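The values are calculated or read from the model by the stated rules, or taken from the named source; none is laboratory data. It should be emphasised that the depicted structure is a prediction, and the values quoted were computed from it without experimental measurement. Here the Cβ positions follow ideal geometry from the backbone for every residue, glycine too, while neighbour counts run over all protein chains shown.
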Amino acid sequence: MDPECARLLPALCAVLADPSQAVADDTCLEKLLDWFKTVTEAGSSLLLLQENPCLVDLLTHVLDLKPQNVSPRVLSFSLCLAGTFAAQEDCFEYLQQGQLLLGLFGEAGPLSWAAWSVPIVRSGWIRGLRSLAQHPSALHFLGDSGAVDALFSLQGDSSLFVASAASQLLVHILALSMQGKAAGSSSLQGSAWPACAQKIVDHVEACLCSTAAPQVTQALNVLTTTFGRCHNPWTEVLWGQLGPLVAHLLENEPIPAAHSLVDLLLSVARSPVFASADCGLWETTARMLSCLSPSQAGPLALGTLKLQNCPQALRSQAFGVLLQPLVCILRATAQAPGPPGVLDETTEGSSMTVDTLLSSKSACVGLLCQTLAHLEELQPLPQRPLHWPQTLLVEAAVIILKLCEGSVAPSSSEGGRLCGALAGCVRVQRAALDFLGTLSQGATSQELMLQVFAVLLETLESPASSPTVLKKAFQATLRWLLDSSLPPSSLDLGLPAPLFLKELFPVLQKRLCSPCWEVRDSALEFLTHLTACWGGEADFREVLLASEVPKLTWQLLRDPESYVRASAVTAMGRLSSQGLQAASESSGHLEVQQGLVGELLHILSVDSEGFPRRAVARVFTEWLRDSHADVARDTEWFVATVLPMVSRDLDWEVRAQGLELVQVFLAQTLGQSSPHCPYVVTLPKASPPSPLPEVLRTLCQLQVFDFAFRALFDCDRPVAQKACDLLLFLKDKTAPCSGLQEPGESSDVTSVEATLQRWQAGEQGQPLSTLEPKEVLAALRSMDLEGLQSRLAESSDHVEKSPQSLLQDVLATVAVLEENVADCY
Amino acid sequence: MKLYCLSGHPTLPCNILKFKSTTIMLDCGLDMTSTLNFLPLPLVQSPRLCNLPGWSLKDGNAFLDKELKECSGHVFVDSVPEFCLPETELIDLSTVDVILISNYHCMMALPYITEHTGFTGTVYATEPTVQIGRLLMEELVNFIERVPKAQSASLWKNKDIQRLLPSPLKDAVEVSTWRRCYTMQEVNSALSKIQLVGYSQKIELFGAVQVTPLSSGYALGSSNWIIQSHYEKVSYVSGSSLLTTHPQPMDQTSLKNSDVLVLTGLTQIPTANPDGMVGEFCSNLALTVRNGGNVLVPCYPSGVIYDLLECLYQYIDSAGLSSIPFYFISPVANSSLEFSQIFAEWLCHNKQSKVYLPEPPFPHAELIQTNKLKHYPSIHGDFSNDFRQPCVVFTGHPSLRFGDVVHFMELWGKSSLNTVIFTEPDFSYLEALAPYQPLAMKCIYCPIDTRLNFIQVSKLLKEVQPLHVVCPEQYTQPPPAQSHRMDLMIDCQPPPMSYRRAEVLALPFKRRYEKIEIMPELADSLVPMEIKPGISLATVSAVLHTKDNKHVLQPPPRPAQPTSGKKRKRVSDDVPDCQVLKPLLSGSIPVEQFVQTLEKHGFSDIKVEDTAKGHIVLLQEAETLIQIEEDSTHIICDNDEMLRVRLRDLVLKFLQKF
């Protein structure tokens, strides 16, 4: 601990010990605890206490105060603090000598005080014990002080945080007491368990046999954490002992604490201890899969399928459980559900699924959303079943979407009720669209693909589709269009995508005119992505140019909603890059005559919102990078026009993007700084880079340096970092030139540096005289850019984070509070 | 209590409730779908309509060709359009005491009822309902009267001939009751019978029942009605909405604890979400106009049009439509737009608060001010000077059979650039378009019906929990076109009672109580006795006086003095004889104690038998039975009155008297 902190510590302890001085908030106490933790981890706690007796005084004082006088926060803090110190055995003994620990954690301590009713005190008590429980002495202490019994009752605490912490501490104590026991499982049989462990296991066992569901849940939670954390051989013995009791729970009707049971089974199954042994685990899992309700069995099925070492039969059963709701939907709507093999396992228990689906709207929606999410999660995993029923899944997603649209008229009564439950259900629609989107990568027959596109189009077209549904529908459509690996030029093959495009564009047009800005925004995003991928395809270009879409996109540059303007800017940027805004230019609007560049510059200079300006800056950078025709015509004019606007922008992202633009420009004029890969094949350059002095002059004229130097002292760190990188790049590039300079600085350079220093001091209003290359070079040379770069790389709050400032803060807050109290009088 | 159902149209109801000696007509809707069978009335001579071929029977008989014309495979009556009136034969309408109107769409048949049935009662409605209802009637009369048609077809209505006609004429119901439109004079006379009411105002009907209008959230001034006596409550829910549009929100809490809830006027398009439809409306409008086409919106002059104009107000700038003219053409356009701005107290909270700023509650005022929205009484006159295309025209009538809309259909129908957007849900858009086929213009159907859908109804019923629900039969089964949608019907317990046109329903509850007032001096004289903790009884001797359905207990007249001086009594002096009052008894007889008492009084050889209802005490010696039951005690002894009286007195000792 540094001396300054040691000096402040007594005052802090005095403040904490004084019940009349309230500490403002918990966060500073938490920070203090963190700090003490780092201090004790780095050195001896005993030494710390001996050197700073005020700490023990604080703990003693808290105990000596009348229970009703102690602030719950300080009490909780003291408990945690004592635990932190007692984590080291010698310090534990030291504190124990004064019976301090027993006073704090024993039955006569806070456990019996009125403050115990405050959750933060109970939580502090548990946290203290958790820190303390690190060594054998602690185990004895825990056993003797009655803490374990208190923890048993805290498992059912009204505060979930406390209950969970109690349960975790029990697991920690169990693991601690088993530490160092003989690894061989045989030696652990019978009564060989240490007393503390035996006590916990007995408690868990009793709870498992209890008829009260909360008790069972508590026991299952302890076991789940145990098997999740401890992977020692004794856990196998433990399962051997408790597994039958767990299996016995399945015989109850209804099964108690089903969710916790699922968690436990998955936790055991994931433990490496059970990788080879069976221990009846798979049998229990199989039984459970068949007797749990469909919504409870879903997570177990997914967890089982994610396991690496699970038997094939169980995997098939689990997959059957996941597929069941979809199969039921297909059956109820009289669709022929996929290849017969997949369904053989799913017939069992399907009546329960049908019952759930038909029982109520909320049950149906819940089960379907869960199933779709599970299958979506499974789809990209390597563990997914080999025989992935792509057709069945696509068919199911399509039919679910149709049910939501109300566009399917099933003949069966089950189908009718499903239709009633799902019609217009946005939640299921979103889940189904997400799922359908992920299915785009699999192989799908052309006929089915037509159905997919038809249902997507129907969703996109439907007036009832909500904005979020439309967004998902656009996303799914994009995935299917791009992943169906059908370039639009395959029109002559009669494949669905191009035909679909012809139907899609009228819908896209309508959506671009939607009164709801979210819809316009999603439509523009969709257009941007689609153009990026297919902008070069002749059929796509033809359909796009024949539509109103480019014109509408142009109009949306003036949309009242800033997000839409931003998306329109991006979309127009993309369309323009691909030479696709031609149609709009013939429309005769005034804006068209000014050209898109003019329109975007207008947005950059006058738009009151940041998003559109950021979008413009990004588009301009892209255009420069891709040598867009409008830019390549006169790059220097372009940079000269854009830079003054971005450099003065109030939005830091626009300024950062401006620096990015400069970087691209420099890379083009000076060449890349260094190839990213030494083996990269570089294309021969069309025109060799211009000579350096000339380039420097140009850069000075374009006021690149002015912008970069200003940005170097930007109040937003990312901008400063970027400017620093940029100047370092320039320094690197101009190194050969700088040697030509005369040693010694001219007066001009001095004035430049003086200005820069003022900027650094925050006086950004100070103008910089027109820079000359030699001044720039001198400035670059004299500045410690590397040092600045490393300083900027540190997080912005590193100064404020020091423990000293923390202690000062706490003391200052108390002082302020006191002042306020005085003011009141 | 009975409900007479005079209309088969679920959203244009006309029912009569007989309740506690009152006869109350609930709404007076006019089914105008009958007009779809008629040819449109063009404002400007239409060669196309004039030259339609006459229709002849299969055997070539052309005697109907003057009355019926054929257009694109459909047959239409070439005559003044006629409307299907509510049933007039089911009940004598002159006996109707009052008519309660729930919204301006549900009063369109009022002149037929008030002017031609001998009706002498009062009509109750809110002010906006009356004012806007008047506008709707005025518009209707104007539309029809300004295109006089000499011919009135009646031959086809002959039942034998009607059978030979093609659908839908063949299946048209009650054609004999179809009537031509009323006149303005009849409208004025009918409206003069209306008494204005405000929300939550309690109106006494003959002292028997009290009726109260409640906000229903559907339209300006639209109401649901509570009809209640002291112990019974009937709620009439007609055309209600839970959406946040311009009217005051629906008052649901006052509907609680109803014995019967009559539920009519649900949404006609249960699968369409109004928000989505408004979006659809705006998008299609913008697309058409951007392509240089015109948009025609057939609509009523009030109602959804206010909301549409408000949406457009927010939308046109973002969609770049600021330069496009919007025209609202109706004989009552001006009044409608102005009326909407002055009924602030009937508007939703948001709009009400604008009035205090002060700002007009509806933004269409600004549209008018900035010349973006212009309104005209008809296409004649100023409109033809200002008319600029492309444009958006709002005009009536939504049936496309009369009004200025007919002209625009003829004018714009041939170009595929133009679009007609149907927003009113009352008419099938395909049937409305039938006489204009073949049609090149685009048709968009986005019906906006803000009335309750079945999900909202189910929530409402759960909330207000009526004992019985009564509704049109259409609501008790899924719509015919979507027979699998079991969710598109009313689902409640007990299942709703349904009605259809010309049916009389006995409502399933019996009146059990009646309230009687006690005059203060009589109440003063009462001496209650507590017979159980918390329950006191008093006997009352009084005269029950009933007048105007109010019952009052008055003190009995003093015993008549001997009227020696008068020879004859006048009838009015004939007071009822007050008999000597026997005391009333209460309490129960504890058998064991009773037996002990008997023994104390010298009875012996007593036997007690338990029976299903109580006990029998047998005095064997005296050959006497005392039968003690919960609500009666009998002493059975043969010819020994002395013994009976002794035993009676012993029994009475255990009972309280008052």
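Close Cβ contacts (under 8 Å, 6 or more residues apart or on different chains) running from residues in region B:466-478 that are in a loop (DSSP other than H, G, I, E, B) to residues that are crowded, with 20+ Cβ neighbours inside 10 Å and polar (S, T, N, Q) comprise B:P466/B:S235; B:P466/B:S258; B:L467/B:S258. Counting only strands (runs of 3 or more DSSP E) that sit completely within region B:149-234, zero hold 3 or more residues that are among the polar types (S, T, N, Q) and assigned by the TED database to the domain that holds B:S302. In the set (1) within 14 Å of another protein chain (Cβ to nearest Cβ); (2) crowded, with 23+ Cβ neighbours inside 10 Å, A:F540 fails one condition alone, (1).
Tell me yes or no: at least one residue of region B:322-333 is part of a helix (DSSP H, G or I), assigned by the TED database to the domain that holds B:I379 and either surrounded by 20 or more Cβ atoms within 10 Å (Cβ to Cβ) or at pLDDT below 95 (or both).
yes
If you check A:L600, A:L530 for being farther than 30 Å from A:A708 by Cα, part of a helix (DSSP H, G or I) and modelled with pLDDT of 90 or more, only one passes: A:L530. In the set (1) out of contact with any helix residue (DSSP H, G or I) (no Cβ under 8 Å at 6 or more places or on another chain); (2) assigned to a helix (DSSP H, G or I), the condition left unmet by A:T211 is number (2). Where strands (runs of 3 or more DSSP E) sit wholly within region B:588-658, those with at least 1 residues that are at pLDDT 85 or above and touching a Lys or Arg at 6+ places or on another chain (Cβ under 8 Å) occupy B:614-619, B:624-629, B:633-636.
In the set (1) surrounded by fewer than 21 Cβ atoms within 10 Å (Cβ to Cβ); (2) not assigned by the TED database to the domain that holds B:F143, the condition left unmet by B:T22 is number (2). Take A:P233 and tell me if it is modelled with pLDDT under 90 and surrounded by fewer than 15 Cβ atoms within 10 Å (Cβ to Cβ). No: the conditions fail for A:P233. The set of residues in region B:484-537 being of a type in the set (V, I, T), surrounded by fewer than 11 Cβ atoms within 10 Å (Cβ to Cβ) and either within 14 Å of another protein chain (Cβ to nearest Cβ) or in a strand (DSSP E or B) (or both) consists of B:I535 alone.
Being in a helix (DSSP H, G or I) and within 19 Å of A:L129 (Cβ to Cβ) is not true of A:L46. When region B:243-287 is filtered for residues that are away from every other protein chain (no Cβ under 14 Å), among the hydrophobic types (A, V, I, L, M, F, W, C) and not in a helix (DSSP H, G or I), the ones remaining, listed by number, are B:L243, B:M250, B:V260, B:L261, B:V262, B:L263, B:L266.
Of the set (1) closer than 18 Å to A:I400 by Cβ; (2) within 14 Å of chain B (Cβ to nearest Cβ); (3) outside any helix (DSSP H, G or I), all apply to A:T444 but (2). Can you spot a residue in region A:443-455 that is under 25 Å from the mean Cα position of the chain (by Cα) and either within 20 Å of B:P270 (Cβ to Cβ) or crowded, with 23+ Cβ neighbours inside 10 Å (or both)? Among the residues of region A:443-455, not one is under 25 Å from the mean Cα position of the chain (by Cα) and either within 20 Å of B:P270 (Cβ to Cβ) or crowded, with 23+ Cβ neighbours inside 10 Å (or both), which makes the answer no.
Residues are listed down the side, and each one gets a yes or a no for (1) in a helix (DSSP H, G or I); (2) surrounded by fewer than 23 Cβ atoms within 10 Å (Cβ to Cβ):
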position: A:E283; (1), (2): yes, yes
position: A:A286; (1), (2): yes, yes
position: A:S295; (1), (2): yes, yes
position: A:L300; (1), (2): yes, no
position: A:Q308; (1), (2): no, yes
position: A:R315; (1), (2): yes, yes
position: A:P325; (1), (2): yes, no
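Within region A:168-183, is there a residue that is farther than 20 Å from A:S131 by Cα and modelled with pLDDT under 65? Yes: one or more hits. Scanning region A:400-418 for residues that are within 14 Å of chain B (Cβ to nearest Cβ), in a helix (DSSP H, G or I) and not basic (K, R) yields A:L403, A:C404, A:E405, A:S413, A:E414, A:G415, A:G416, A:L418. Each residue in region A:456-466 was checked for being part of a helix (DSSP H, G or I), within 14 Å of chain B (Cβ to nearest Cβ) and either within 32 Å of the chain's Cα centre (by Cα) or buried (at least 20 other Cβ atoms within 10 Å of the Cβ) (or both), and 2 pass. Of the residues A:A656, A:A615, the single one that is modelled with pLDDT of 90 or more and farther than 27 Å from A:P515 by Cα is A:A656. Name every residue in region A:308-324 that is at pLDDT 90 or above and either under 30 Å from the mean Cα position of the chain (by Cα) or among the charged types (D, E, K, R) (or both), in order of residue number. A:R315, A:A318, A:F319, A:V321, A:L322, A:L323, listed by residue number.
If you go through region B:407-435 and keep only what is in a helix (DSSP H, G or I) and out of contact with any Cys (no Cβ under 8 Å at 6 or more places or on another chain), you end up with B:H407, B:F408, B:M409, B:E410, B:L411, B:W412, B:L430, B:E431, B:A432.
If you go through region A:426-437 and keep only what is crowded, with 21+ Cβ neighbours inside 10 Å and either within 12 Å of another protein chain (Cβ to nearest Cβ) or in contact (Cβ under 8 Å) with a residue 60 or more places away in the chain (or both), you end up with A:V428, A:A431, A:A432, A:F435.
Residues in region B:293-312 that are within 14 Å of another protein chain (Cβ to nearest Cβ) and either under 14 Å from B:S283 (Cα atoms) or among the hydrophobic types (A, V, I, L, M, F, W, C) (or both): B:G293, B:V295, B:L308, B:L309, B:C311, B:L312. Considered as a group, the residues in region A:568-597 that are in a helix (DSSP H, G or I) and within 14 Å of another protein chain (Cβ to nearest Cβ) include one that is modelled with the highest pLDDT, and that residue is A:A568. Cβ separations smaller than 7 Å between residues 6+ apart or across chains give the following pairs from region B:367-391 residues that are in contact (Cβ under 8 Å) with a residue 60 or more places away in the chain to residues that are assigned to a loop (DSSP other than H, G, I, E, B) and exposed (fewer than 13 other Cβ atoms within 10 Å of the Cβ): B:P390/B:G292. When each of A:E786, A:E772 is tested for being of a type in the set (D, E, K, R) and either surrounded by fewer than 13 Cβ atoms within 10 Å (Cβ to Cβ) or modelled with pLDDT under 65 (or both), the lone residue that passes is A:E786. When A:P380 is tested against the conditions (1) part of a helix (DSSP H, G or I); (2) surrounded by fewer than 19 Cβ atoms within 10 Å (Cβ to Cβ); (3) away from chain B (no Cβ under 13 Å), the lone failure is (1). Does B:L287 satisfy being under 27 Å from A:F505 (Cβ atoms), assigned by the TED database to the domain that holds B:W412, surrounded by 24 or more Cβ atoms within 10 Å (Cβ to Cβ) and touching a helix residue (DSSP H, G or I) at 6+ places or on another chain (Cβ under 8 Å)? Considered against the rule, which asks whether it is under 27 Å from A:F505 (Cβ atoms), assigned by the TED database to the domain that holds B:W412, surrounded by 24 or more Cβ atoms within 10 Å (Cβ to Cβ) and touching a helix residue (DSSP H, G or I) at 6+ places or on another chain (Cβ under 8 Å), B:L287 comes out as no.
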